[in-house]
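**Student:** My questions will all concern the structure given below.
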Amino acid sequence: MKKLLNTAFIYALAAMAGGVFYREFTKFNGFSGRTALGLVHTHLFLLGTVFFLLAALFSKELDWARERNFRLFYGLYNTGLCVTAVMLAVRGAAQVLALPLSRGMDVAISGVAGLGHICLGAGLVVFFLSLKKTACTAVSIHVE
């Protein structure tokens, strides 16, 4: 449980840093439109902080962090979220600076962000399967 709480705290700090960077970077560059940079803060807060706080609550009740697939979930999910957040920041910075991206660079940024989303989704599937297995085991123990 401590690992999950520490992870939530790290994501909270990263989310706040992302929000401050978004505000200051756009202000410094005189940018007033919509940008992907604004999504970094919300992605890290919701998918990082809130998700891991909820996971910690499940861990307290079900002790699912001892489940065999926990390490797989933890690695996939964190890798996916970090890659996604970095690619949002890259895309957003390019938008704020009005950088002329070549078609190849534009596709590469989208592709890497897509890979991040795939890892995030796979981690979420492993999380639910692991949680379900642990919950079913806990229910059968309590019933007997």
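**Student:** Report the calculated FRET efficiency for residue 28 and residue 86 (r = Cβ-Cβ distance, R0 = 25 Å), to the nearest 0.05. Display every interim value, and only then the final one.
**Tutor:** On the way: r = 20 Å, r/R0 = 0.81.
With a Förster radius of 25 Å, E is 0.75.
**Student:** Per-residue ellipticity at 222 nm for the chain, helices alone: DSSP H runs ≥ 4 residues times -39500 (n - 2.57), over residue total, nearest 500 deg cm²/dmol? Don't skip to the end; give the middle numbers.
**Tutor:** On the way: 5 runs with 114 residues, N = 144.
Rounded to the nearest 500, the figure is -27500 deg cm²/dmol.
**Student:** Determine the per residue accessible area of the chain with all protein chains present and a 1.4 angstrom probe, expressed in square angstrom. Could the numbers behind the result be given before it?
**Tutor:** Values: 8770 Å² over 144 residues.
Here the per-residue accessible area is 61 Å².
**Student:** Still on this structure: Build a GNM of the chain with springs between Cα atoms under 10 Å: which of 68, 34, 103 gets the top mean-square fluctuation?
**Tutor:** So, out of 68, 34, 103, the one fluctuating most is 103.
**Student:** Round to the nearest 10 and give me the degree value, 0 to 90, for the angle of helix 70-96's Cα axis relative to the longest principal axis of the chain.
**Tutor:** Between helix and principal axis, roughly 10 degrees.
**Student:** While we're on this one: Which angle between 0 and 90 degrees, to the nearest 10, do you get for helix 51-62 versus the longest principal axis of the chain when only C-alpha atoms count?
**Tutor:** The answer is roughly 0 degrees.
**Student:** Sticking to Cα atoms, compute the Rg of region 1-59 to one decimal and its Dmax as the biggest Cα-Cα distance, whole number, in Å.
**Tutor:** 13.7, 45
**Student:** Can you give the charge dipole size of the chain about its Cα centre, rounded to the nearest 20 debye, using +1 on the beta carbon of Lys and Arg and -1 on the beta carbon of Asp and Glu? List each step's numbers first, then the result.
**Tutor:** On the way: 13 positive and 6 negative charges, 24 e Å.
So the magnitude is around 120 debye.
**Student:** Oh, and also: Just the number, please: carbon plus sulfur as a percent of the accessible area of the chain, 1.4 Å probe, no ligands or DNA/RNA counted. Please list the in-between numbers first.
**Tutor:** Working: 6170 of 8770 Å².
With neighbouring chains kept in place, the figure for the chain is 70 percent.
**Student:** While we're on this one: Which order, highest average first, do 125-131, 75-81 follow once you tally other Cβ atoms within 10 Å for each residue and take the mean per peptide? Before the final figure, lay out the partial values.
**Tutor:** On the way: 125-131: 17.0, 75-81: 19.6.
With the highest mean Cβ count within 10 Å placed first, the list reads 75-81, 125-131.
**Student:** Same structure again: Once fully extended, how much extra length lies between residue 42 and residue 136, figured as 0.36 nm per residue of separation less the alpha-carbon to alpha-carbon distance? Show your work: numbers first, answer last.
**Tutor:** Details: separation 94, 0.36 × 94 = 33.84 nm, distance 3.28 nm.
That works out to 30.6 nm of additional length.
**Student:** Show me, for region 40-46, the HN-Hα J-couplings you get by feeding each phi into the Karplus relation (A = 6.51, B = -1.76, C = 1.60, θ = phi - 60°), rounded to Hz, glycine and proline as x.
**Tutor:** 4, 4, 5, 4, 5, 5, 6
**Student:** Using Cα pairs under 8 angstrom and six or more residues apart, how large is the relative contact order of the chain, in percent?
**Tutor:** RCO, the chain: 29 percent.
**Student:** Could you estimate the translational diffusion coefficient of the chain from the Stokes-Einstein equation, with Rh from the Kirkwood formula over C-alpha pairs, at 25 °C and 0.890 mPa s, in whole µm²/s?
**Tutor:** Estimated diffusion coefficient is 148 µm²/s.
**Student:** Related question: Angle check, please: helix 103-143 long axis (alpha carbons) against the longest principal axis of the chain (alpha carbons), in degrees 0 to 90, nearest 10.
**Tutor:** So the helix axis and the longest Cα principal axis differ by about 20 degrees.
**Student:** Below 26 Å Cα-Cα, how many Lys pairs turn up in the chain? Only count pairs eight or more apart in sequence, or on different chains, if you could.
**Tutor:** Working: 2/60; 2/132; 2/133; 3/60; 3/132; 3/133; 60/132; 60/133.
Lysine pairs meeting both conditions in the chain amount to 8.
The values are calculated or read from the model by the stated rules, or taken from the named source; none is laboratory data. Everything numeric here is computed off the predicted structure, so don't read it as measured data. Positions of Cβ are generated from backbone atoms using ideal geometry, with glycine treated the same way; all protein chains shown enter the neighbour counts. Each accessible area value is taken on the protein alone, full model and side chains, heavy atoms only, with ligands, DNA and RNA left out. Shrake-Rupley method; radii C 1.70, N 1.55, O 1.52, S 1.80 Å.
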